[in-house]
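The values are calculated or read from the model by the stated rules, or taken from the named source; none is laboratory data. Here the structure is a predicted model, which means the values were calculated and not measured. As a convention, Cβ positions derive from the backbone with ideal geometry for all residues, glycine included, and neighbour counts pool all protein chains shown. These accessible areas exclude ligands, DNA and RNA; they are computed on the full protein's heavy atoms, side chains included. Shrake-Rupley method; radii C 1.70, N 1.55, O 1.52, S 1.80 Å.
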Amino acid sequence: MILETIEKENDIKKVEPERLDALAEEIREFLINKISVTGGHLGSNLGTVELTMALHLSLELPKDKIVWDVGHQSYTHKLLTGRRAGFESLRKYGGMSGFPKRKESECDCFDTGHSSTSVSAGLGLVKARDLKGEDRTIVSVIGDGSLTGGMVYEALNNAARIKSNFIIVLNDNNMSISENVGGISKYLNNIRTADKYLGIKEGVYNSLMDRKLDPIVERIRRAKSSVKQLVIPGMLFEDMGVTYLGPVDGHNINAMLKVFKEAKRCKSAVLVHVITQKGKGYAPAERHPARFHGAEPFDVETGLPLKPKTKSNYTDVFSTVMCKLGDRVPNIAAVTAAMPDGTGLKRFKNMYPDRFFDVGIAEEHAVTFAAGLAAGGMKPVVAIYSSFLQRAYDQILHDVCIQNLPVIFAIDRAGLVGSDGETHQGIFDLSYLSSIPNMHIMAPKNKWELSDMMKFAVCFDGPIALRYPRGEAYDGLREFREPVVFGKAEWLLRDGQIVLIAVGSMVKTALSVRSALAKRGYGCSIINARFVKPIDTDIIDEALENHKLLVTLEENVASGGFGEKVRAYLGSRESSARLLTISIPDEYVEHGNVDILRHEVGIDAETIEKRILDGMEGLD
């Protein structure tokens, strides 16, 4: 196999040009076979095989630098930099990350995981290079979906001012996770389909290059902006001051090598527009690119998951409730940031298209847009993953909460999410939302309570957030379904000297802890916190009357979390009770199986039991 000869960076340059296409097919076969076992981001990586190969052939790594926007498409890059063996442990605890990691390889120059950051980071690397007088090429690779994020235009605005080389590669596959939306998508589509211009450009350029008429080519390159303005209206990038090259076939290595050679000669920021197909080379991924964005282990022959979903998850429950509310509440609207499938809003979109808004990968805009909807009399529900909502902190504070607008935040993937690692763990939302005046926060113990809390939120007059975890929805404790009352927790069980006050997903864990403690002779009460802001101080006072040890349980970092709030309240009272706070340490949590991660950070039932037994010493 040709791939086996790639043992380190730049080894691809030893492969004969006529064998490069065969290498591309080997890479695709390798990725399909490995990801079918481990799971991972398949579609995006299949679409960027030739693009990555062309970059590696054009650059000298690690001297030259590639910044991958989001980074989920960097698998081929990892293969070409000698990390083939790492795919056995891809996204597993202690194994190779599914994203670029500086600690993993010198060829990974910048850690990524969120969208629309690569141009800013690349520009910073360019200026550092120039200030230090270094000779290296800097390339930022960004997808067309990421162009819906406003940070890109802040970076392009500054990139247009530089007088040295900076290459921006636009990987255009007409997809983010779901199909792209909005004006930028329409604009790029016009460029893709400008056949007359492409035919003229390709014919003239190839003819002149074949005759080695470089001076004429250079004159045409300088003049091509005016030609484009005649053929394609509104050349956005050129108008901003960024040289535009392309479009070029992202699966034609020779074509890309030519355009990258030209791009390296520019003494300015240059954008190379590359057209690729997400999922290329694997029929199921070509037909269903969104499903293979982040794939679970699957059967290679059929593309079907090896473990079909048998029970509903929290996203499914949210989806069902939203559809029912859409019928009952005429002014409810749904807002998502490029994730109608991932957040469960696709059904709502189909049923109520006029009240559904996909704003693209633009969380900041999503929140302020929702604030405008609320100010106009609508009841907007903003459905965004916990990790991505962080990007809109200022908009939540400034545009929603200062005005006390009734915006509902449906925060999916709250807590540990697993294999995507540090950039995707939803372990900070209780902390960053709690810091904002006028914000209110709930967390359901099971799927029934998720439904009840959504109905409560729709009737609430002010900003309110509802956070729920990834994965199968817990359907236990159905018999405990007291009406949701603002700021009030719920007694579940009363027994003994220990009381567990659990937030959301940790209620299920609390039941396991209670069972384990019972075997050791300890009775244990359980309170379902329900609200994290405000906390129910009345139920805490009640618990203090006949419990010696209070234990808070949350799937959030310690700093600014629920446990800190309870500790602050107890500090204002005279009580002999002891408080034990169970939370995630104030640190980033790497990728891995969620059960393994819960044990590593100390929020699994076994570790909690041990800490409680230690905490009971001297209180018996």
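A DSSP coil position with no more than 14 other Cβ atoms inside 10 Å describes the following GluC sites (Glu not before Pro) in the stretch 523-620: Glu545, Glu574, Glu587, Glu617. Between rounded, prolate and oblate, where does the stretch 249-327 land on the alpha carbon gyration tensor, with a ≥ b ≥ c its root eigenvalues, rounded for a/c under 1.5, else prolate if a/b exceeds b/c? It comes out oblate by the Cα gyration axes. With a Förster radius of 51 Å applied to the beta-carbon distance between Lys267 and Asp316, the computed FRET efficiency rounds to 0.45.
Over the chain, calculate the relative contact order: mean separation of alpha carbon pairs under 8 Å at least 6 apart, over the residue count, as a percent. Numbers along the way, then the final one.
Numbers: 1239 pairs, mean separation 71.6, N = 620.
Relative contact order for the chain comes out at 12 percent.
Which of rounded, prolate or oblate describes the stretch 466-620 when judged by the alpha-carbon gyration tensor and an a/c cut-off of 1.5? In terms of gyration-tensor shape, rounded. Simple spin-label estimate for Asp354 and Asn593 gives 5.0 nm between the two label positions (7 Å along the Cα-to-Cβ direction from each Cα). The listed residues His398, His41 rank as His398, His41 when sorted by accessible area, largest first, using a 1.4 Å probe.
Give me the net charge for the shell around Ala374: Cβ to Cβ below 12 angstrom, other residues only, Lys and Arg +1, Asp and Glu -1.
Numbers: positive: Lys379; negative: Asp399, Asp461.
It works out to a net charge of -1.
Simple spin-label estimate for Thr607 and Ser164 gives 4.5 nm between the two label positions (7 Å along the Cα-to-Cβ direction from each Cα).
Please identify every one of the trypsin sites (Lys or Arg not before Pro) in the stretch 300-354 that sits in a loop by DSSP and has no more than 15 other beta carbons within 10 Å of its own beta carbon. Sparse-neighbourhood loop trypsin sites (Lys or Arg not before Pro): Lys309, Lys311. As a quick test, which of the pairs Lys280/Lys349; Lys163/Lys278; Lys63/Lys101; Lys379/Lys508 have an alpha carbon distance above 25 angstrom in this structure? The answer is Lys280/Lys349; Lys163/Lys278; Lys379/Lys508.
A protection proxy built from the mean count of other Cβ atoms within 10 Å ranks the segments 4-17, 154-167, most packed first, as 154-167, 4-17. Of the chymotrypsin sites (Phe, Trp or Tyr not before Pro) found in the stretch 542-620, the ones in coil according to DSSP and having at most 13 other Cβ atoms within 10 Å of their Cβ are Tyr588. If you take every residue apart from Asp412 with its C-beta less than 9 Å away from the C-beta of Asp412, what net charge results, scoring Lys and Arg +1 and Asp and Glu -1? Once all neighbours under 9 Å are counted, the net charge is +3.
Starting from the Cα gyration tensor of the stretch 325-439, take the square roots of the eigenvalues, sort them a ≥ b ≥ c, and report rounded, prolate or oblate (rounded when a/c is under 1.5, otherwise prolate if a/b is larger than b/c, else oblate). The shape class here is oblate. All other residues whose Cβ lies under 12 angstrom from that of Gly150 are scored, Lys and Arg at +1 and Asp and Glu at -1, for a net of -2.
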